[in-house]
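The values are calculated or read from the model by the stated rules, or taken from the named source; none is laboratory data. Nothing here was measured: the structure is a model prediction, and the numbers come from that model. Note: ideal-geometry Cβ built from the backbone for every residue, glycine included; neighbour counts use all protein chains shown. Side chains are part of the model used for accessible areas, which takes the heavy atoms of the whole protein and leaves out ligands, DNA and RNA. Shrake-Rupley method; radii C 1.70, N 1.55, O 1.52, S 1.80 Å.
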Amino acid sequence: MTAVLVSVTSKVAAAGGRTELLKTKTYLYTSEEENVNRKQEKHLLLLLRKVSSMAGRRTLKAVLIDLSGTLHIEDAAVPGAQDALNRLRQASVAVKFVTNTTKESKRSLLERLQRLNFDLQEKEIFTSLSAARSLLEQKQHRPLLLVEDSALEDFTGIDTSEPNAVVIGLAPNHFNYPTLNKAFRMILDGAPLIAIHKARYYKRKDGLALGPGPFVTGLEYATDCKATVVGKPEQTFFTQALSDLGCSPNEAVMIGDDARDDVGGAQNAGMMGILVRTGKYREGDENKINPPPHLTCDSFPKAVEHILKNLL
C-alpha cells in the first residue's frame, strides 16, 4: 500500500483583509492500490487548498461605495461603473453608498446619479450631511451653517436663529472673510466647531479643488480648538452606515478614491478597504496609510471584479 503525505497550510484573515499563515498540518492518505493515480492525487491537493483558502476568508455581507470620484466626477460617470454596480447587485451582498459630499442635498445627488443611469435609491445613500444633522438634533444646537445653498434642504426644520454652533462643510460661495470671521468670533465665545468632514481636496472636471479641510484647520488654529468631525474618516460614520445592514465592520468592504478618508477610515473601523485610481487619487496615495489598502486597482469596475472573484 502506498502512502501519500499532503501538507496543508491554513490561513487566517488579518486586519485590512490581508491573510497571514497560521500553521501547517500534514495529512496521511493511503490507497489500496500499489500505484497512486497521479490525477487523483493532484485533484485532492487542489481540493484541500480550496477548502483551506475558504476557511481563512472573511464572510462578506456588505459593500460600502464612495460616490464622487469613485462612481462619477460631477456629471460624468466613471467608465463601466453602471454595469459593474449592476453585476455587484446580483451577488448576495448588501450595497450602500457613503459620501462626504456637502455641495448638494441627498435628493439632488440622487437625481444626478439617476441621470447618469445608476441604479440606486435614496434610502441607500448615507451622507455626512445626515450625520451632521443627527448630531445637531442630539445636542440641540442652533447652527451657523457654512454649506452650499443647494445642501440646506437636508437641514430643513433645524432652528438656525441666534446660532450657538458653527457647522462647516464645502461652501465655496461662503468661504469669504466676513463669514469666516463671524465663525471665528462665535467659536472664541464658546460655540462648538463641527466639521462635516475635513477633506483636503476633491476632484472636479477642471482638476483638483480645495475641500473644507483647510478652512476647518484654519479656524482650529485661530481659535486654539479642535473640531468635532462627523463624516469620513470617523469610525462612527462607518458604523452608522452599516447599522441597518445587519453586519459588523469585519463583514464589509469599502471602495473609494480617497486613501485617508475612504480606505484608511474604513480599515480603522475594522473593514477592508479598496482604493481606486480615479477621482482624487494621486500616484503613491496607497503608501500614505498604514495598514495599506487591501487592494489598489484602476477603477470601480476592477474593484467589483475582485470582490466577485475573491471575496464572495
Take each of the peptides 169-182, 299-312, average the number of other beta-carbon atoms within 10 Å over its residues, and list them starting from the highest.
299-312, 169-182
Would you check the range 200-312 for Lys pairs whose C-alpha atoms are within less than 16 Å, ignoring same-chain pairs closer than 8 in sequence, and give me the count?
4
Computed label-point distance, nm, for sites Gln140 and Glu153 using a 7 Å Cα→Cβ extension
3.1 nm
Tell me, what % of the accessible area of the range 185-312 is carbon and sulfur with a 1.4 angstrom probe?
47 percent
Amide H partners (placed H, <5 Å) of Ala94, local residues excluded
Ala62, Val63
In the range 150-234, what percentage of the DSSP-assigned beta bridges are antiparallel, given to the nearest 5?
45 percent
Local charge sum around Leu120 (other residues, Cβ-Cβ under 10 Å, Lys/Arg +1, Asp/Glu -1)?
0
Accessible area per residue of the range 62-311 at 1.4 Å probe, in Å²?
44 Å²
Long-range amide H partners of Val229 with built H, under 5 Å
Ala195
Shape call, the range 62-311: gyration tensor on alpha carbons, a/c limit 1.5
prolate
How much length, in nm to one decimal, is gained on full extension between Thr179 and Lys288, taken as 0.36 nm per residue of separation minus their Cα-Cα distance?
35.9 nm
Estimated FRET transfer efficiency (Leu188, Asn117; beta-carbon r; R0 51 Å; 0.05)
0.55
Rounded to the nearest 20 debye, dipole of the range 62-311 from Cβ charges on Lys, Arg, Asp, Glu:
240 debye
Can you find, among Met254, Ala171, Thr278, the residue sitting farthest towards the positive end of the charge dipole of the range 170-312, where Lys and Arg contribute +1 and Asp and Glu -1 at Cβ?
Ala171
Count the net charge of all other residues whose Cβ sits under 15 Å from the Cβ of Gly207, scoring Lys and Arg as +1 and Asp and Glu as -1.
+3
Karplus-derived HN-Hα couplings along the range 95-112 (A = 6.51, B = -1.76, C = 1.60, θ = phi - 60°), whole Hz, x at Gly and Pro
10, 9, 10, 10, 8, 8, 4, 10, 7, 8, 6, 4, 5, 5, 5, 4, 4, 4
Amide H contacts of Gly273 (H built 1.01 Å from N, under 5 Å, at least 5 apart or other chain):
Met254, His294, Leu295
Let me make sure I get this right: for the range 145-279, a, b and c are the square roots of the gyration tensor eigenvalues over alpha carbons, sorted descending. Under 1.5 in a/c it's rounded, otherwise prolate if a/b > b/c, else oblate. Which is it?
prolate
Phi-based couplings in Hz for the range 171-181 (Karplus 6.51, -1.76, 1.60; Gly and Pro marked x)
9, x, 7, 10, 7, 10, 4, x, 5, 5, 5
